Amino acid sequence: MSEVLLLWIGQKDPGPGLLEGVHRSVAREYERPVRLSRSPDSPEDAFDARRGQHSSSRILAWLRERHEGADRVLGVTDVDLFIPILTFVFGEAQLSGRAAVVSTARLGDTPLIPGEGARIALRLQKEAVHELGHTYGLLHCADARCAMARSPSLRHVDAKTPALCRACRARTRELSENGDPHEQEEHANPDRR
Amino acid sequence: MSKKSTRILIVDDEEIIRESLSGWLGKDGYTIGTAPDGATALKLMEESPWSILLVDLKMPGIDGLEVLKRVKERWPDTAVLIMTAYATVDTAVNAMKAGAFDYVVKPFDPEEVSLVVEKIVAQQALVRENVILRKALKKEYRFHDLVTKSPALLATLELAKTAARSPSTVLVLGESGTGKELLARAIHAESPRNGKPFVAMSCAALTETLLESELFGYEKGAFTGANGRREGKFEAASGGTLFLDEIGDISPKLQLDLLRVLEERRVTRVGGTDSVPVDVRIIAATNRDLRRAVEEGRFRQDLFYRLNVITITLLPLRERKEDIPLLVDRILEQLSSELKRQVERVSPEAMAVLLAHSWPGNVRELRNVLERAMVVSDVPVLEARHLGLSLQEGSSAAMPEHPASLEEIERQYIASVLKQTSGNVTHAARILDIDRVTLYAKIRKYGLKRAEDGEFEPATPAR
């Protein structure tokens, strides 16, 4: 079943509306049913004491086992994520795989500033659409406004929208209909909207 | 160029680093390969070179610095990015000295690495583009002796090529020295008439009666000295092409005669009564504004229409400066063979001077400048000082080295223009914007004499 399982695996409470926003964006962009769920446990072994961060790759492995029958599982957390070669990541996904994870940890500086919560929520939606896109086989997009644009910094996150550009949207449909996602070619000059 | 064709090889003994980096870069669409040590990396390079190498500095066996050195020796175009866990000034300096593109400290800041990789990709794209552009630079369009890379002239030459196949009259317009006769010859060579003669005739050089007899021929006794019958250019060009240069300069009577020939396809020799049929393709040329001459009543409208069937306009050199390097190459090649002196090229400074000049005498002037430079120099590379052109073109009255009188400057300038036009007084008068009679008067006044090659040169000034 082409359902997306949206799983909160954070340590604190997600806060009002945060997951609902992700739910809306993901359902809209990928035109699939999205089920919101809260995991009773969390990926404890993902914590790396030396770095003081959580390994996103280990979280992905953990998420793969908790898909509850959905064909994609998107974990949302509030812990700081890393992959071994990088100081941090906003999220990670297996390319054409089943699992993706995104975190709010690096999406805002001071959550206490008024309006910062909404800003974090919007950034999270963008990164959620982005990481989930990788699981559908999408590569980074050259259109800085597309959700699939690479975002190595908050500046890049803020430059994009939580929506796929026309080319990435078409590509998603194509990939889900027939394609071998590994055969995907990147598009160099996607339609800017 | 597709990102897929950018091949990135990750060389690190730690599997987790290789995996995490290849997963991360793979999402950009690059083709990623991995090697656990230096030896494997070099082997993979041998098999098929990679465009970017990310190499860990500390590895057992061949370390990163050694991989870097060997790769740069064999594959200098490959960019090597050194990864290190502990950056010290020494490692950084050593890596950069050995030719690393950059070095990054593990773990990387995502933005930093993204930027470095993007920078490498962009730089390599530029190098490739440069190679392609260099190749394109060599690519020229050739229509017999006319060469160009200018899109505008290219279209003109294409038109000429098409026109060559038709029997229609062609009118070639363009400033003096733009190659009107060369184009006419090319059209003839490209036409079905190429086995028959190409006869060129300058209408400005001769008096009306002389031109008439030259064009149409004469019968014995037609005028004093006409001791026998002589065929004219029309008959000489029979079956071929007659090129009538400076058609804008012919007298009203000749305009009418020419119109008759074009309409009737028959000529009557001077002093003759019977007309003879002629099968000649006419290519006429002028640097005058014929349309204006028609409006002002100086040129017959009906003749203009007869001539103006296919009009080809040749651009002045200043409007196709991109052709200058190409023309310089070509002219130097020709002159080297003609003058039996090997000149390979002009220096970049000399090229800058050539590109800055406005070339009122067009390609002919360029040829003359280069020929002069070859004569005054004895080096294989012509320098700016050999050209005798001022870089500050535009501030046209450049201050001479030794201040001279106005008359002296005028004398020198007229001499140089006459040299540029190869002694063609009509062309020179046009460049100087004075009438021919005035120019002849000045030539006499300043004692400019015709040299053996037909060009004017200044007489040695009295000292």
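Taking the stated definitions as given, is A:GLU92 part of a strand (DSSP E or B) and either at pLDDT below 95 or within 14 Å of another protein chain (Cβ to nearest Cβ) (or both)? Here the answer is yes, as A:GLU92 does meet what is asked. The set of residues in region B:66-89 being under 15 Å from B:VAL113 (Cα atoms) and hydroxyl-bearing (Ser, Thr, Tyr) consists of B:THR84 alone.
Conditions (1) more than 13 Å from the chain's Cα centre (by Cα); (2) modelled with pLDDT under 90; (3) more than 21 Å from B:PHE143 (Cβ to Cβ), marked per residue:
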position	(1), (2), (3)
B:ARG330	no, yes, no
B:LEU339	yes, yes, yes
B:ARG367	no, no, no
B:LEU370	yes, no, yes
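Considering the conditions (1) in a strand (DSSP E or B); (2) among the β-branched types (Val, Ile, Thr); (3) touching a Gly at 6+ places or on another chain (Cβ under 9 Å), A:ILE59 is excluded by exactly one of them, (1). Among the residues of region B:50-59, those identified as more than 11 Å from every other protein chain (Cβ to nearest Cβ), farther than 29 Å from A:CYS146 by Cβ and either surrounded by fewer than 23 Cβ atoms within 10 Å (Cβ to Cβ) or touching a Ser or Thr at 6+ places or on another chain (Cβ under 9 Å) (or both) are B:LEU53, B:LEU57, B:LYS58, B:MET59. Summed over region A:147-171, residues that are within 19 Å of A:THR104 (Cβ to Cβ), among the basic types (Lys, Arg) and more than 9 Å from chain B (Cβ to nearest Cβ) total 1.
In the condition set (1) assigned to a loop (DSSP other than H, G, I, E, B); (2) more than 10 Å from chain B (Cβ to nearest Cβ), A:ALA100 is compliant with all but (1).
Is it the case that region B:278-287 has a residue that's under 23 Å from the mean Cα position of the chain (by Cα) and free of Cβ contacts under 8 Å to residues at least 60 places away in the same chain? Scanning region B:278-287 turns up no residue that is under 23 Å from the mean Cα position of the chain (by Cα) and free of Cβ contacts under 8 Å to residues at least 60 places away in the same chain.
State whether one or more residues within region B:269-279 are buried (at least 17 other Cβ atoms within 10 Å of the Cβ) and touching a Cys at 6+ places or on another chain (Cβ under 7 Å). No. The helices (runs of 4 or more DSSP H) found entirely in region B:271-368 that carry 3 or more residues being under 29 Å from B:GLY423 (Cβ atoms) and in contact with a helix residue (DSSP H, G or I) (Cβ under 6 Å, 6 or more places away or on another chain) are B:324-339, B:348-356. Of the residues A:GLY108, A:GLY117, the single one that is away from chain B (no Cβ under 13 Å), in a loop (DSSP other than H, G, I, E, B) and over 23 Å from B:GLY23 (Cβ atoms) is A:GLY108.
Of everything in region B:4-23 that is touching a residue at least 60 places away in the same chain (Cβ under 8 Å) and under 51 Å from the mean Cα position of the chain (by Cα), the residue that is nearest to the other protein chains (Cβ to nearest Cβ) is B:THR6.
For region B:103-118, does any single residue satisfy the condition of being farther than 26 Å from A:MET148 by Cα and either in contact with a His (Cβ under 7 Å, 6 or more places away or on another chain) or modelled with pLDDT of 90 or more (or both)? No - not one qualifying residue is present in region B:103-118.
Residues that are more than 15 Å from A:LEU6 (Cβ to Cβ) and more than 11 Å from every other protein chain (Cβ to nearest Cβ) within region A:63-89 comprise A:ARG64, A:GLU65, A:VAL79, A:ASP80, A:LEU81, listed in sequence order. Within region B:106-129, how many residues are surrounded by fewer than 18 Cβ atoms within 10 Å (Cβ to Cβ) and either at the interface with another protein chain (Cβ under 10 Å from one of its Cβ atoms) or small (Gly, Ala, Ser) (or both)? Qualifying residue count for the region: 7.
Of everything in region B:7-49 that is buried (at least 23 other Cβ atoms within 10 Å of the Cβ) and over 13 Å from B:VAL117 (Cβ atoms), the residue that is modelled with the lowest pLDDT is B:SER20.
The values are calculated or read from the model by the stated rules, or taken from the named source; none is laboratory data. Bear in mind the structure is a predicted one, so any value in this text is a computation, not a measurement. Every residue, glycine as well, gets a Cβ built from its backbone with ideal geometry; the counts of neighbours run over all protein chains shown.
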